[in-house]
Amino acid sequence: MLGTMKGDLRAMDVESSSEEEDEDAEGVEDDGFQVVPHPTESPKKSRFGFLTSLRSLVGSRSLTQEDIDPIMEKMKDHLIAKNVASDIAVKVCESLAGKLEGKVLGTFQSVSATVKTAMQDSMVQILTPKRRVDILRDVMEAQKQKRPFVITFCGVNGVGKSTNLAKITFWLIENGFSVLVAACDTFRSGAVEQLRTHCRKLNALHPPEDHGGRPMVQLYEKGYGKDPAGIAMEAINHARDTHIDVVMVDTAGRMQDNEPLMRALTKVGANETV
């Protein structure tokens, strides 16, 4: 049995809020089309506002003396710890500070990074030779004058004087020049034996039978406790008499700011000092 409903349904009153009406009004353009923003799209105004705020925090500014002094003090201590003479370290830092004061930093550029870059540029400028260095050309020039070309290695202990001497000797014999190694480090135990090992291995790479029975590398040594300058001069004279192209002089380790020890190297009378 089906039932029936009598009477009219009451109409439901729907009230629209004023906020929705305002939003509808804003979303309707003059031509009747409604513009609905994408839900994932962020307002451009807020995005660019963030970048502007970030630039204001890390933007360009000029270096002041207060910014530079602490870093220069640490730089000076670091140079001295790396065996740079104290007066040289002070002069380098003072020169660097003068170049940096008033320098404008770029965006995202720190003071330490700016100082490091400036220090690298200064070191390259200091270490760049004032003239063209061409050892092979100089060796051939010495050959024309009937004299050996002399290279003296000096530096503090442990910097690799003997090792680099062996490397340059290999490069020279690869270019066809004969070499005499003068063992003038008469102080450090094992220095002569180290050079003897280098010479033996270099001659194994260039056997004497490939060069008319003459060894490309020879060692001139007088043992320990002798006058290094005297051994060096004897080696140079021996090279001149036997027509050896290059003399490589190995010396004992010494600090470059020790004037008496450095002055002793002048007795060697070398043409070039490395």
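Listed here are the residues, each with its yes/no results for (1) loosely packed, with under 12 Cβ neighbours inside 10 Å; (2) touching a helix residue (DSSP H, G or I) at 6+ places or on another chain (Cβ under 6 Å); (3) over 20 Å from Leu265 (Cβ atoms).
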position	(1), (2), (3)
Gln125	yes, no, yes
Arg131	yes, no, yes
Gly155	no, yes, no
Gly158	yes, no, no
Lys161	no, no, no
Leu165	no, no, no
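Among the residues of segment 67-111, those identified as modelled with pLDDT of 75 or more, assigned to a loop (DSSP other than H, G, I, E, B) and surrounded by fewer than 13 Cβ atoms within 10 Å (Cβ to Cβ) are Lys82, Gly102.
Is it the case that Ala142 is open to solvent by less than 40 Å² (accessible area, probe 1.4 Å), in contact with a His (Cβ under 8 Å, 6 or more places away or on another chain), farther than 30 Å from Cys93 by Cα and in a helix (DSSP H, G or I)?
Values: open to solvent by less than 40 Å² (accessible area, probe 1.4 Å): yes; in contact with a His (Cβ under 8 Å, 6 or more places away or on another chain): no; farther than 30 Å from Cys93 by Cα: yes; in a helix (DSSP H, G or I): yes.
No; evaluated as a whole, the condition is false for this residue.
Given the condition open to solvent by less than 30 Å² (accessible area, probe 1.4 Å), touching a strand residue (DSSP E or B) at 6+ places or on another chain (Cβ under 7 Å) and within 21 Å of His206 (Cα to Cα), answer yes or no: does some residue in segment 112-121 qualify? Among the residues of segment 112-121, not one is open to solvent by less than 30 Å² (accessible area, probe 1.4 Å), touching a strand residue (DSSP E or B) at 6+ places or on another chain (Cβ under 7 Å) and within 21 Å of His206 (Cα to Cα), which makes the answer no. Condition test on Phe177, is it under 33 Å from the mean Cα position of the chain (by Cα) and within 30 Å of Leu261 (Cα to Cα)? In short, no. Screening Ile126, Ile135, Ile151, Ile168 for residues that are modelled with pLDDT of 95 or more, farther than 13 Å from Ala252 by Cβ and of a type in the set (A, V, I, L, M) leaves exactly one candidate, Ile168.
The values are calculated or read from the model by the stated rules, or taken from the named source; none is laboratory data. None of the values given here were measured: they were computed from a predicted structure. Heads up, the Cβs are rebuilt from the backbone with ideal geometry, glycines too, and the neighbour counts pull from every protein chain shown. Quick note on the areas: whole protein, heavy atoms, side chains included, nothing else; ligands and nucleic acids left out. Shrake-Rupley method; radii C 1.70, N 1.55, O 1.52, S 1.80 Å.
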